[in-house]
Structure formats: structure tokens, C-alpha cells
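As C-alpha cells, the structure follows; a few thoughts come after it.
Here, each number is a calculation from the coordinates, and none is a lab measurement. As the structure is a prediction and not an experimental result, all values here were calculated from the model. Note that each Cβ is placed from the backbone with ideal geometry, even for glycine, and that neighbours are counted across all protein chains shown.
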Amino acid sequence: MRNADVLRFARDAAAGYPLRTSLSVLAMAIGVAAVVVLTALGDGARRYVVNQFSSLGSNLVIVLPGRSATGGFSPANALTTTPRDLTVDDAFALTRLPSVRRVAPLTAGNSEINANGRLREVVVAGTSSTYIDIRSFKMAAGRFLPAADWNRGAPVAVIGSKIQEEIFGGRSAVGELIRLGDRRLRIVGVLKSVGQGLGMNTDEVVFVPVGVAQSLFNTNTLFRVLIEARSRDELEAVKREVMAALKARHGGEEDITVITQDAVLATFDRLLRALTAAVAGIAAISLAVAGILVMNVMLVAVTQRTAEIGLLKALGARAATIRDAFLAEAAMLSLVGALTGYGLGLFGAFVLRQIYPVFPAYPPDWAVVAALGTALGTGLLFGIMPARRAARLDPVQALMKH
Amino acid sequence: MSVIQLAGIERVFHLGDSTVHALTHLDVGIDAGEYVAIMGPSGSGKSTLLNLLGLLDRPNAGSYHLEGRDVTTLTPDEQAAVRSRRIGFVFQSFHLVPRLTAAENIGLPMMLAGIPAAERAQRVTQALNDFGLAPRADHRPDQLSGGQRQRVAIARATIMQPAVLLADEPTGNLDRATGDDVIHLLETLNGRGMTLIIVTHDQKIGSRARRQLLMEDGALKSDSARPSVAT
């Protein structure tokens with residue numbers, strides 16, 4: 001029998017039982033669609049996080065107080081070490097290091113903003129004039145915090161775009177007076193909207209000089225110190241220099257943690273890749289189930305068409321021909337199911353992107369290849385047994401069933 | 001020259017503990033172009049004999065020569081090739097593939113034999129015309145009458161121009177008039193030189209054949225061509 005005829009015969013056989021065929025195609029399609037959509041979701045999460053970190057600005061090194069072992073927090077650490085606070089003077093000392101281009105201290109807290117007759121809870125970030133360059137933000141109006149002595153600070157503030165909108169509506173906010181906690185500050189600038197970053201929505205933050213924030217929150221500690229290296233190659237040098245400088249300032253105690261964006265990014269990247277793979281694995285179970293369904297359908301087909309198989313043998317079909325015809329049918333069910341599922345999955349990912357535009361939900365190539373491959377593989381694998389059963393049927397017995 | 005030569009054929013079935021001798025010590029020769037009816041009561045072994053002749057079954061002992069070639073020792077694939085080219089089957093229940101049209105059913109043996117589609121189409125058209133089925137070419141079996149179905153089955157059985165046509169109760173599912181038409185058709189084919197072997201327990205049909213083989217308990221009870229066996 002010619003290959004084209006085998007395929008046509010198998011196609012007609014599958015088309016001859018539309019309900020059974022469409023059900024097994026549907027099962028396979030759901031399996032493949034599940035893999036495509038879930039990996040799109042997982043990989044979308046990964047890309048989203050990677051994009052967020054990239055938007056932090058390049059060549060960024062972050063210093064946080066407290067020694068963290070690579071394993072993170074442990075009760076033993078909490079009991080035995082009392083980390084020294086990170087201070088504004090510490091941060092300022094870092095500006096003199098050779099590989100450092102810019103330093104911005106950061107202290108943060110919640111407060112209430114009262115202006116234009118409206119009251120709102122806001123996140124207040126105390127920092128310096130260098131912050132805007134390190135984070136590569138843009139101004140919508142006015143200018144950022146003025147360069148000044150970090151320990152004093154003028155009574156000025158820069159607000160995020162959302163706060164400008166909610167407190168002042170469409171009106172320009174620059175030059176307006178606001179009350180922040182018990183301070184009266186004058187707005188000197190409004191940031192351009194950038195959305196989420198580093199765990200806080202910058203559009204809803206009020207930036208004030210670090211000295212103002214510290215007196216507002218009655219503290220002299222810093223939440224973070226952001227450092228920009230002179231170049232990407234100097235990230236490691238910055239890390240070393242910062243470690244050494246702060247160790248010296250803290251009486252020989254290594255009570256700070258220095259992280260680079262690269263390291264954090266790599267960790268998240270690995271984590272979310274693993275998550276995507278795990279999700280793909282779970283979805284692949286449905287592919288195996290679909291494969292078993294195809295086998296079941298083919299076994300039913302062999303039973304239903306026993307007389308036909310006997311006839312084909314009587315008409316001179318070799319065992320291999322009958323096996324090929326049934327295998328081709330199983331492969332077709334899997335192939336059509338896989339392609340339908342791929343289409344459904346892409347559509348699902350498209351819908352996800354429409355609903356969450358910030359979320360780049362595209363299935364990774366490896367997942368698509370793996371899903372289609374697994375679908376075809378299981379379909380063929382589970383098709384072998386029924387096909388062999390069909391090929392082995394005794395023609396005399398088979399012909400008697402009608 | 002004999003187209004079929006059976007010598008010392010034995011066929012034994014094992015059903016649980018008991019053994020059934022479906023065919024014992026069978027020696028039959030059939031010449032090319034003969035018209036033979038195999039008759040006998042149920043369980044006499046006539047169907048088993050037909051299956052052996054059609055290479056659907058193998059004897060436990062003895063030899064079967066088809067057109068001078070020993071076919072008992074062939075591999076299953078070689079036997080399939082012989083069935084494809086040299087043997088045509090007509091069944092009591094027609095055995096048409098329900099999802100295929102009349103034309104496709106007729107073309108099925110050629111498709112299985114790997115004959116190119118263009119040649120198949122030409123030969124199927126010829127057969128449809130010869131058997132008066134041209135207007136029904138695109139009908140499926142369930143849209144055909146019993147007589148038309150059997151005509152399709154006969155067209156299919158002869159499309160490969162086999163040496164032997166084996167018919168198992170070809171009129172069993174047909175009324176008398178249609179059955180007669182089918183028998184006439186088979187006899188016409190036999191008249192053109194095709195060896196025709198019909199299994200039947202219908203005396204009237206059996207008596208039309210030029211030679212009758214009467215089976216009983218797996219043995220040949222009488223052979224009209226060799227009256228000496230009758231005793």
C-alpha cells in the first residue's frame with residue numbers, strides 16, 4: 001500500500017467516527033493548550049521580573065544593613081549579631097570610593113500628605129539629588145531634589161505622577177505647599193510615570209531630602225544605599241570596596257549585605273525558570289492522559305472494525321500495512337489535537353496579554369516544541385499497542401464478527 | 001491442469017480439552033475454469049475448507065498447491081501477496097467497508113496492492129460499467145440494495161483478476177430473485193474462465209454447479225467428478 005493511500009485511508013477512518021475522533025482530538029488539544037498557556041504565564045512572570053530589575057538602572061549595587069548569610073535569615077543570626085545601623089555618614093563615605101560614580105541613600109516610611117484640602121496615605125522616600133540619575137527617572141515637571149548637605153536638607157518634595165493627579169487633579173503642582181506629617185514642604189517637581197519598581201510604586205511616592213525624612217521618622221538609619229558603579233566591569237570592585245569601607249567604619253564587623261542587580265536577577269531568573277518548568281511538567285501530565293485516551297480510542301476502533309480488518313487481510317493486506325494504517329490514524333488524532341491545542345494556547349496567551357498588558361505572556365519556544373513533541377510521541381507510543389493488536393488479528397475469527 | 005491441488009490435508013481445532021477434526025485426510029484437485037459447489041451440513045468442515053483454500057487458515061498437515069506452487073509453507077506476508085493477486089472472496093454478508101463508496105470499495109484491493117491511483121480509477125470505472133453499477137459509484141453501502149451490495153463485493157473480488165473466486169453462501173442474505181441474479185453473474189464470470197468455488201447448503205444452487213463436493217464430518221463424502229469416492 002502506498003504511503004499516500006495509508007494516510008488517506010487513516011484519515012477517512014478517523015472521519016468515519018466523528019464523535020470519537022473529535023473527543024480524542026479535544027483531549028489532546030486541552031493538554032497542549034494547557035502547556036502553552038501555563039508556560040506562557042510562567043515565562044511571562046520571569047520576563048516581567050527581569051524587565052523590572054533592568055528598569056532599576058544599570059550598574060546598580062545595593063547595600064542593605066544586616067549580615068545575610070547566603071541562606072538568608074536564620075534565628076541564630078538574629079540572636080547573636082546586632083548589626084550596626086547604616087547611616088547617612090556611611091553612605092557619604094562611599095562617594096569617595098574609586099569605582100563608585102554615584103551614591104544615593106534611601107530611607108523610607110509611611111506618612112500622610114495633606115494638600116489642596118485633600119488627605120492621603122503615602123510612602124515617603126528620603127534620598128538625595130543623585131537618586132534620579134541612578135534610577136534613570138524622568139521629570140514630568142519642575143526638577144528633582146536639589147544637591148545639598150545630606151544631613152540637613154531643604155523643606156522641598158518631589159511627588160509621583162499619581163499623587164499629583166489625586167491631590168491636584170489636572171493642575172500644576174510645582175510650587176504648591178504640602179503638609180507631610182508635621183512638616184510643611186514645597187513641591188519642586190513631579191516625576192514622570194514609570195510604574196512598579198523595587199517593590200514600590202514610584203508613582204505613589206513622595207521624595208524628600210534624606211535629612212527631612214530622617215527627622216520626620218525620628219531615625220538616623222538608612223533603609224538602603226544605592227550605588228552606581230563607573231562601569232559594568234567594576235561591579236565586583238565596587239562590591240569589594242564597599243565591603244571593606246563599611247567594615248572599617250563598623251569596627252571590623254561585616255554587618256552589611258551588598259547585592260548586585262545581576263545576582264538578584266540571576267536568582268529570580270533561575271527561580272522562575274524552574275517554576276515554569278515545573279508548571280510545564282504538571283501540564284504535561286494532561287498530555288500523558290490524552291495519550292492514554294488516544295490509545296483507548298484506538299483500541300475501541302480495533303474492536304469496532306474487527307470485521308473490516310479481517311476483510312483487509314482477506315483482500316491481501318499484509319500485517320504491516322494494517323499496523324501502519326492504525327498507527328497513522330493515532331498519529332493524525334495526536335497531530336490534529338496538538339495543532340488545535342497550540343492554536344488554543346496561543347489564543348489563551350493572547351487573551352492574557354490583553355487583560356494584563358504589562359505581563360509579557362508568550363510561551364517559550366522550548367515549551368512549544370516539547371508540548372507538540374510530547375503530544376505526537378505519546379499519541380504514537382500509545383497507538384502502537386492497538387495497531388499491533390489489529391495487525392495480529394486472525395482473519396478467520398475477524399471475518400466472523402459482523 | 002489443476003489450479004488447486006490438496007493432498008492429505010488435516011485441520012484440528014482444540015476447544016478446551018477436546019480436539020475437533022475439522023478436516024481429515026482431504027485429497028482434492030480442482031482444474032482451472034471449473035465450477036465447483038462445496039455442500040454439506042453445518043459443521044461438516046466446508047467453511048474450514050474454504051478458509052484453507054483462501055489462505056486465511058493453515059492446515060496442520062498436508063500440502064496445498066495453488067497453480068502448481070506449494071503455498072502451505074509461505075510466510076504470512078507471502079500468503080497475503082497470493083491472496084491479493086490470485087484469490088477473490090465473496091462473503092455472505094458482503095463485508096463492504098461502510099464509510100467507503102461503492103467505487104472505493106471496489107478499488108480497495110488495488111489500493112492495498114499499491115497500484116497507482118490513476119490506474120485504479122480507470123479499472124474501477126471499467127468494473128462499475130461491467131457490473132452495471134456506474135450510477136451507484138458514489139453511494140455508500142447503506143444506500144445500496146442487497147443485490148447491489150453483493151455486485152459491488154463481486155466487482156471487488158474480481159478487480160485483481162484472480163485465478164480462483166471463492167464464494168461463501170453468496171446468496172444467503174438475499175431474496176430468491178436477487179440471489180439468482182448474483183448466481184448468474186458468478187456463472188458469467190466462470191464462463192470467462194475464472195475458477196469458481198461456491199460454498200452453500202442450498203441444494204438448488206449447488207445443483208447448478210458442474211461439480212459438487214459433499215462434505216461430512218470433515219471428510220469428503222462424495223465428489224460428482226469422481227463417483228468412486230462416494231462409497
- Note on the structure: For region A:183-283 the mean separation of alpha carbon contacts under 8 Å (6+ apart) over residue count, i.e. relative contact order in percent, is 11 percent
- Query: Given the C-alpha centroids of region A:126-159 and region B:128-142, what is the distance between them in whole angstrom?
  - Reply: 91 Å
- Query: Normalised by the residues of chain B, what does the relative contact order come to in percent, with Cα pairs under 8 Å and at least six apart?
  - Reply: 29 percent
- Task: Determine the calculated [θ] at 222 nm for chain A from helices alone, applying -39500 (n - 2.57) to every DSSP H run no shorter than 4 residues and normalising by the residue count; nearest 500 deg cm²/dmol.
- Result: -18500 deg cm²/dmol
- Note on the structure: Put in order of increasing Cβ neighbours within 10 Å, starting from the fewest, A:PHE137, A:PHE268, B:PHE89, B:PHE13 give B:PHE13, A:PHE268, A:PHE137, B:PHE89
- Euclidean distance between Cα centres, region A:330-402 to region B:1-55, Å: 48 Å
- Item | Fraction of beta bridges assigned by DSSP in region B:2-230 that are antiparallel (%, nearest 5) | 55 percent
- Answer rounded, prolate or oblate for region B:2-230, using the Cα gyration tensor with square roots of eigenvalues a ≥ b ≥ c: rounded when a/c is under 1.5, else prolate when a/b is larger than b/c, else oblate. prolate
- Message: Using only the alpha-carbon atoms, how far is helix B:76-86 inclined from the longest principal axis of chain B? Give it as 0 to 90 degrees, nearest 10.
- Response: 60 degrees
- Task: Please order B:HIS14, B:HIS184, A:HIS250 by the number of other Cβ within 10 Å, starting at the fewest.
- Result: B:HIS14, B:HIS184, A:HIS250
- Message: Can you pull out the chymotrypsin sites (Phe, Trp or Tyr not before Pro) in region A:307-363 whose DSSP state is coil and whose Cβ has at most 15 other Cβ atoms within 10 Å?
- Response: none
- Taking a point 7 angstrom from the Cα of A:ARG67 along the C-beta vector, which residues in region A:221-247 have backbone N less than 13 Å away? A:247
- Calculate the dipole size of region A:84-254 relative to its Cα centre from +1 charges on Lys and Arg beta carbons and -1 charges on Asp and Glu beta carbons; express the result in debye to the nearest 20. 400 debye
- Once both axes come from the Cα atoms, what is the angle between helix A:18-54 and the longest principal axis of chain A, in degrees from 0 to 90, rounded to 10? 20 degrees
- Message: Could you tell me which residue out of A:TYR356, A:VAL225, A:THR303 lies farthest along the dipole of the protein assembly as shown toward its positive end? Charges go on the beta carbon: Lys and Arg +1, Asp and Glu -1, centred on the Cα centre.
- Response: A:VAL225
- For the pair B:GLU216 and B:ALA118, what calculated FRET efficiency results from E = 1/(1 + (r/R0)^6), where r is the Cβ-Cβ distance and R0 = 45 Å, to the nearest 0.05? 0.35
- Query: What is the mean number of Cβ atoms from other protein chains located within 10 Å of the Cβ atom of each residue in peptide A:320-330, rounded to a whole number?
  - Reply: 1
- Message: So if each residue of separation counts as 0.36 nm, and I subtract the Cα-Cα distance between B:ARG176 and B:GLU67, what length gain in nm does that give?
- Response: 35.8 nm
- How large is the helix-only mean residue ellipticity at 222 nm for chain B, computed as the sum of -39500 (n - 2.57) over DSSP H runs with n ≥ 4, divided by its residue count, in deg cm²/dmol to the nearest 500? -10500 deg cm²/dmol
- Quote to one decimal, in nm, the extra length available between B:ARG226 and B:THR19 on full extension: 0.36 nm per residue of separation minus the C-alpha distance between them. 71.5 nm
- Query: Of all DSSP beta bridges in the protein assembly as shown, what percent run antiparallel (nearest 5)?
  - Reply: 70 percent
- So, in nm, how far is label A:ASP394 from label A:VAL300 when the simple model puts each one 7 Å beyond its Cα toward the Cβ? 2.8 nm
- Here the relative contact order (percent) of chain A, from C-alpha pairs under 8 Å and at least 6 apart, is 30 percent
- Message: Taking the beta-carbon count within 10 Å as an exposure proxy, list A:ARG152, A:ARG249 from fewest neighbours to most.
- Response: A:ARG152, A:ARG249
- Task: Along Cα→Cβ, 7 Å out, is where each label goes; now give me the distance between the ones at A:ARG171 and A:PHE350 in nm to one decimal.
- Result: 4.7 nm
- Query: So between A:ARG143 and A:ALA4, what do we pick up on full extension, going 0.36 nm a residue minus the alpha carbon distance?
  - Reply: 42.7 nm
- Task: Determine which residues of region A:376-390 fall in the zone a paramagnetic label at A:ALA288 would reach in this model, i.e. backbone nitrogen under 20 Å from the point 7 Å along Cα→Cβ.
- Result: A:376-386
- Roughly how big is chain A's charge dipole about its Cα centre, with Cβ charges of +1 (Lys, Arg) and -1 (Asp, Glu), in debye to the nearest 20? 800 debye
